[in-house]
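Asks: First the structure, which I've put down as structure tokens, then a few questions once you've had a look.
The values are calculated or read from the model by the stated rules, or taken from the named source; none is laboratory data. These numbers come from a predicted model, not from an experiment. Using ideal geometry, Cβ is built from the backbone for each residue, glycine included, and neighbour counts are taken over all protein chains shown.
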Amino acid sequence: MLQIISKALSYVFHPIFIPTLIIATIAIFAPSILLPISENLFLFFSLFVFLSTWLMPALSIYGLFLSGVIKSIYLDDQRDRMIGIAVTTIIYGIFSFVLYYKFRANTEVMLLFCTSIFCQLSALIITYFWKISLHSISVWAMVCYLATLILIKKQDSLFAPLLTAILLSGALMSARLYLQKHTMAQIGAGMALSTIVSSILFFVIY
């Protein structure tokens with residue numbers, strides 16, 4: 001049973017799904033943060049985020065697998081992992097460009113995707129030398145981002161999502177350890193990376 005639960009958590013809260021989860025959470029609990037994007041466009045915007053940050057990377061990685069560029073869609077091999085991270089980072093970069101120039105996204109929304117990009121770039125460099133937990137990076141980045149919004153935008157409505165994100169982080173990291181996909185050091189390094197990148201961007205932007 002624990003094996004099934006751990007795999008389910010790993011799949012459902014895969015790193016490339018986290019941006020969509022964050023945007024959906026904000027749209028529900030603190031919609032004013034997404035302004036000047038119109039509330040009428042929240043659903044379309046969430047769908048656009050999903051297509052750009054989940055579907056496109058997933059299809060790209062699957063295409064690389066079918067063409068023989070990578071050995072597995074799970075990116076267990078170091079080379080596969082680096083290719084997967086690089087492709088996802090490029091897609092996120094293009095998406096962020098469109099987000100800023102077409103949607104006129106505000107500072108808080110751009111902060112989310114800048115954090116994602118810099119975390120991925122850092123993970124790409126680290127992966128050349130050592131395996132770091134991408135699940136840990138992404139889910140803890142969500143915690144850092146929600147905490148930042150509460151601090152900067154005074155959004156008390158995000159306290160419940162923040163606490164939920166913290167509990168989710170614990171469950172997801174435990175799942176990765178249970179599945180023996182990572183060590184405590186790799187999990188801890190992922191958390192540390194997210195915290196450092198989030199802190200640097202916070203002080204640079206604000």
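Asks: Take the conditions within 15 Å of ILE23 (Cα to Cα), hydroxyl-bearing (Ser, Thr, Tyr) and touching a Pro at 6+ places or on another chain (Cβ under 8 Å) and apply them to SER157. Does it pass?
Replies: For SER157, the condition - within 15 Å of ILE23 (Cα to Cα), hydroxyl-bearing (Ser, Thr, Tyr) and touching a Pro at 6+ places or on another chain (Cβ under 8 Å) - is not met.
Asks: Go through region 129-143 residue by residue and tally those that are free of Cβ contacts under 8 Å to residues at least 60 places away in the same chain and either closer than 19 Å to LYS181 by Cβ or surrounded by 23 or more Cβ atoms within 10 Å (Cβ to Cβ) (or both).
Replies: The qualifying residues number 6.
Asks: Taking the stated definitions as given, is SER116 crowded, with 20+ Cβ neighbours inside 10 Å, out of contact with any strand residue (DSSP E or B) (no Cβ under 9 Å at 6 or more places or on another chain), of a type outside the set (A, V, I, L, M, F, W, C) and without any contact (Cβ under 8 Å) to a residue 40 or more places away in the chain?
Replies: Taking the combined requirement at face value, the residue does not satisfy it.
Asks: Then there is this: Return the pairs, sorted by first residue and then second, in which the second residue is at pLDDT below 95 and part of a helix (DSSP H, G or I), the first residue lies in region 50-73 and is among the small types (Gly, Ala, Ser) and surrounded by 13 or more Cβ atoms within 10 Å (Cβ to Cβ), the beta carbons are less than 6 Å apart, and the residues are 6+ apart or on different chains.
Replies: Within 6 Å, the pairs are SER52/PHE95.
Asks: Here's something else I'd like to know. Pull up region 1-18, narrow it to residues that are of a type outside the set (Gly, Ala, Ser) and without any contact (Cβ under 8 Å) to a residue 24 or more places away in the chain, then point me to the one that is nearest to SER46 (Cα to Cα).
Replies: That would be VAL12.
Asks: Turning to a different aspect of this structure: For THR148, state whether it is closer than 22 Å to ILE205 by Cα and either touching a Gly at 6+ places or on another chain (Cβ under 9 Å) or buried (at least 19 other Cβ atoms within 10 Å of the Cβ) (or both).
Replies: So THR148 passes the test.
Asks: Here's a check for you: in region 22-33, which residue that is of a type outside the set (S, T, N, Q) and in contact with a Leu (Cβ under 9 Å, 6 or more places away or on another chain) is farthest from LEU99 (Cα to Cα)?
Replies: Here the answer is PHE29.
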